[in-house]
Structure formats: structure tokens, C-alpha cells
Amino acid sequence: MNTPAQTVPGSPPKLIGSIATGFNVVASHIGLILLPVAVDFYLWLGPHVRIDNLLSPMIADMQQVFQQYYSADMSARMQEVANIWNTQISSFNLLSLVHTFPIGIPSLMSSATSTDTPFGGALVMNAVSGLAAFALSCLFLAIGFALGCVYFNQIARATAEENQPFELKAFFAQSLQALGLTISLILAVMILIFPVLVVMAVFAMISASMADLAMLFMLFVALWILIPMMFTPHSIFSQNKNLVVALGTSVRLVRSFLPGAGVFLLLAIVITQGLDLLWTIPPSSSWLTAAGIFGHAFVYTSMLAASFVYYRGGLHWMQQVIEHLQNQSSVQA
């Protein structure tokens, strides 16, 4: 006797449809781009805080150690690395730490190296001590995280099916869970970074090609672990879930119901990074940079809104499927 095929209700959210909805949400709530625009304008036209006077001597001391105790080939490679670090440090703006991750404000100017502005050279200041640099770093990170929580809360409410007023109590609860997520990621990186560096050092001593392959393999493993967690902030800010429940919901949703989430993430990266090439064409001394700032803020905010739309659609479909399976089980019982 043949049994009729079971049909699953609904359908998973569409990638292109979610992205289009995200752009429409931001177009109708244009105030969502104000925070990223304000941060970028401040990083562009405001002062720069440097720490190269503190870190450059440390790098020079490390170079001397490698020259004394390691082979000429290894010392030459470390010299190249040191030169790269010196270049990065000499142009690093401590204020760019307001661009925090994973909860933070998207910023075009956080990676800018030039101090040129339409008004001339920006004011450049140097941290007077390591303690001052640490205190300023903590301050900028705290400001960036707080602004990021406001930004995510705004987008979560804008993408909701019904209007949701701002609730201070819920916002503080969301911020606390988001802080837990950030601290957990930092601790995970701190725990894993040492064995990873040891493995990379061993492969580097054997062959530079093997070190590159090992790095590529570790990158794939990291992506395989992290992609299922990508909707954890969405669960926190759209459903007020605690960190553990939000993490479990994200992993279950991506692993079991939305395997295409990785494609969504890849598409978002291609769109945002591809357009960043356009936004960064004008020199920082030109007012056309302002157009790039507005375009960057609009696109990144739209893609984040699209991710909330995609998450809500996937969650709704997951609930439909679970209820359908439960009903089928009860009927068969």
C-alpha cells in the first residue's frame, strides 16, 4: 500500500528577496545610517591618535633578538614582517577601535591611513605612555560597543513585522548578552591563538608553502565553526534571547534548515567589499569621500537589515517544519 508523500509547509527564505527587502527597509528608515555616517565623519575629519612611538621600539628589539639567535633566512623573513608591522603601526589611528566586532558600527574610514582632509592635514596626537594608550583603547572600545548595540537594536526593530518601540530595559538586557558574546569570542581567540601560532611556526621552519597551506586549512576550519553562529546577535536583538539560547538557535537553524546561510554571507561580503573599492576611489582630501561614506553606510546597513530579514524568515520556516513534524508524529501515534 502506497502512502502519500509528506509535504513540508512553507519554504525557506530567498536570498535575493531578503537582500531586496533589506534595502527597502533602510530606504524607508534612512535614519538607520546616521550612526555609521557620524562615526566615519569623525574618523575622517577628527584628530588621529598614534601609538607608533610606543610600539616601534619594541619591534626593533625583537628584530635584534632574531638577528642574534636565528638563522639568516629566518631573520630576513622576520625583517619583512617587522617592516609590514612598522608600516601598519605608523598609520594606525587608535580612534578606529570604535569599529568593534561582532557588535559594532560599520566604518569605511577605520582602515584609512591618510591624515589628509579637505581642510588640510588632520591633527595627529601621540599616546604619552602605555597606560594612557590602554585607557584610551578601553574607552574607544566601550564607546564603539555601546553604539553598536544601539545600531543593532534599531535595525532589529526596523525589520520586525510589527512596530516595536524602544524599551530601555530590553536594550540593557540585549547589551549584556551581546557583551557576553564579545567576551566569549575574545577568550576563544586567546585560547586558540597560541597553539595556532606554534603550529604555524613549526610549518614555517619546514617550508613556507606548508605554512601557507596550514593557514588556509585553519581558515576553512574556523569558517566551518563560525558560520553556524552567525545569527547569534540576531537572536539576541530580535528575540531578546540569552547568549546560550541564541547560540543554540543559530547553530540549529543554520545546520539543519539554512545550509545556504554560508552563500548568503559570501554574497554579502562580495557586495559590500566590492562596493568598498568604489567608495575608496576618491582621495581623503576630496569632498567626494563624503559620498563614499554615505554609500558605504547605506549598503552595509541594508545588508545587515537583510540578514535580519533572512534570519526571521528562516526561523519562521523552522518553526513551521518542527510543528508539522510534531503533528505528523502525534497522528502516527
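Ignoring everything except DSSP H segments at least 4 long, calculate the 222 nm mean residue ellipticity for the chain; use -39,500 (n - 2.57) per segment, divide by total residues, nearest 500. Spell out each step's value before the answer.
Details: 11 runs with 232 residues, N = 333.
When only DSSP H runs of four or more count, the value is -24000 deg cm²/dmol.
Using only the Cα atoms of segment 128-281, build the gyration tensor, take square roots of its eigenvalues as a ≥ b ≥ c, and label the shape rounded, prolate or oblate: rounded if a/c is under 1.5, else prolate if a/b is larger than b/c, else oblate. Walk me through the intermediate numbers first.
Working: a/c = 1.75, a/b = 1.36, b/c = 1.29.
Prolate shape, in that a/c is at least 1.5 and a/b is the bigger ratio.
Can you tell which of Gly274, Asn53, Pro12 lies farthest toward the positive end of the dipole of the chain, using +1 and -1 charges on the Cβ of basic and acidic side chains (Lys, Arg; Asp, Glu)?
Pro12
Which net charge results when you count Lys and Arg as +1 and Asp and Glu as -1 among the other residues whose beta-carbon is under 15 Å from that of His99?
Values: positive: none; negative: Asp40, Asp276.
Taking every other residue near His99 into account, the sum is -2.
All other residues with a Cβ under 15 Å from the Cβ of Ser238 taken together, and with Lys, Arg as +1 and Asp, Glu as -1, what is their net charge?
On the way: positive: Arg157, Lys241, Arg312; negative: Glu161, Glu162, Glu167.
Taking every other residue near Ser238 into account, the sum is 0.
Once you order the gyration tensor axes a ≥ b ≥ c over the Cα atoms, which shape class does segment 255-302 get: rounded for a/c under 1.5, otherwise prolate or oblate by comparing a/b with b/c? Walk me through the numbers before you get to the answer.
Values: a/c = 6.33, a/b = 3.19, b/c = 1.98.
Taking the square roots of the gyration eigenvalues as a ≥ b ≥ c, segment 255-302 is prolate.
Taking every pair of alpha-carbon atoms in the chain, what share in percent sits in each 20 Å bin, from 0 to the bin with the longest distance?
Calculated P(r), rounded to whole percents: 24, 53, 20, 3, 0.
Please find, in a Gaussian network model of the chain (springs between Cα atoms separated by less than 10 Å), the residue of Asn153, Asn83, Asn93 whose mean-square fluctuation is greatest.
Asn83
Lys/Arg Cβ at +1, Asp/Glu Cβ at -1, dipole of the chain taken about the Cα centre: which of Ala173, His324, Val124 is farthest positive-ward?
Among Ala173, His324, Val124, the one farthest towards the positive end of the dipole of the chain is His324.
Can you give the accessible area of Arg312 in Å² (nearest 10), computed on protein heavy atoms with a 1.4 Å probe?
60 Å²
How big is the Cα convex hull of segment 81-197 in projection, averaged over all directions, in nm²?
Values: hull surface 44.0 nm².
The directionally averaged projection comes out at 11.0 nm².
Rounded if a/c is under 1.5, else prolate if a/b beats b/c, else oblate: with a ≥ b ≥ c from the C-alpha gyration tensor eigenvalues square-rooted, which is segment 216-274?
Working: a/c = 2.00, a/b = 1.47, b/c = 1.36.
Prolate, because a/c is 1.5 or more and a/b exceeds b/c.
As a test question: what accessible area, to the nearest 10 Å², does Lys14 have when a 1.4 Å probe is rolled over all protein chains in place?
130 Å²
Please compute the per residue accessible area over segment 17-59 with all protein chains in place, 1.4 Å probe, rounded to a whole number of Å². Display every interim value, and only then the final one.
Values: 1810 Å² over 43 residues.
Averaged over the residues of segment 17-59, the accessible area is 42 Å².
Arranged from highest to lowest average of other beta-carbon atoms within 10 Å per residue, in what order do the peptides 98-110, 188-200, 254-266 appear?
Working: 98-110: 21.5, 188-200: 11.2, 254-266: 17.0.
By packing density, highest mean first, the sequence is 98-110, 254-266, 188-200.
Among Phe217, Leu197, Ser111, which residue has its Cα positioned farthest towards the positive end of the charge dipole of the chain, with +1 placed on the Cβ of Lys and Arg, -1 on the Cβ of Asp and Glu, and the dipole taken about the Cα centre?
Ranked along the dipole, the leading option is Phe217.
Could you work out what % of the accessible surface of the chain is carbon and sulfur, using a 1.4 angstrom probe and leaving DNA, RNA and ligands out of the count? Don't skip to the answer; put the middle values down first.
On the way: 13370 of 19110 Å².
Summing carbon and sulfur atoms, their accessible area is 70 percent of the total for the chain.
Could you work out how far helix 243-252 tilts from the main Cα principal axis of the chain, as a 0 to 90 degree angle to the nearest 10?
The answer is roughly 70 degrees.
Using the crude model of +1 on Lys and Arg Cβ and -1 on Asp and Glu Cβ, and no other charge, please compute the dipole size for the chain relative to its Cα centre, in debye to 20. Please report the intermediate quantities before stating the final value.
Numbers: 9 positive and 12 negative charges, 133 e Å.
Taking the Cα centre of the chain as origin, the dipole is about 640 debye.
The values are calculated or read from the model by the stated rules, or taken from the named source; none is laboratory data. No experiment lies behind these values; they were computed from the predicted model shown. Cβ coordinates were reconstructed from backbone atoms using ideal geometry, including for glycine residues, and neighbour counts include every protein chain displayed. Areas reflect the complete protein model, heavy atoms only, side chains present, ligands, DNA and RNA absent. Shrake-Rupley method; radii C 1.70, N 1.55, O 1.52, S 1.80 Å.
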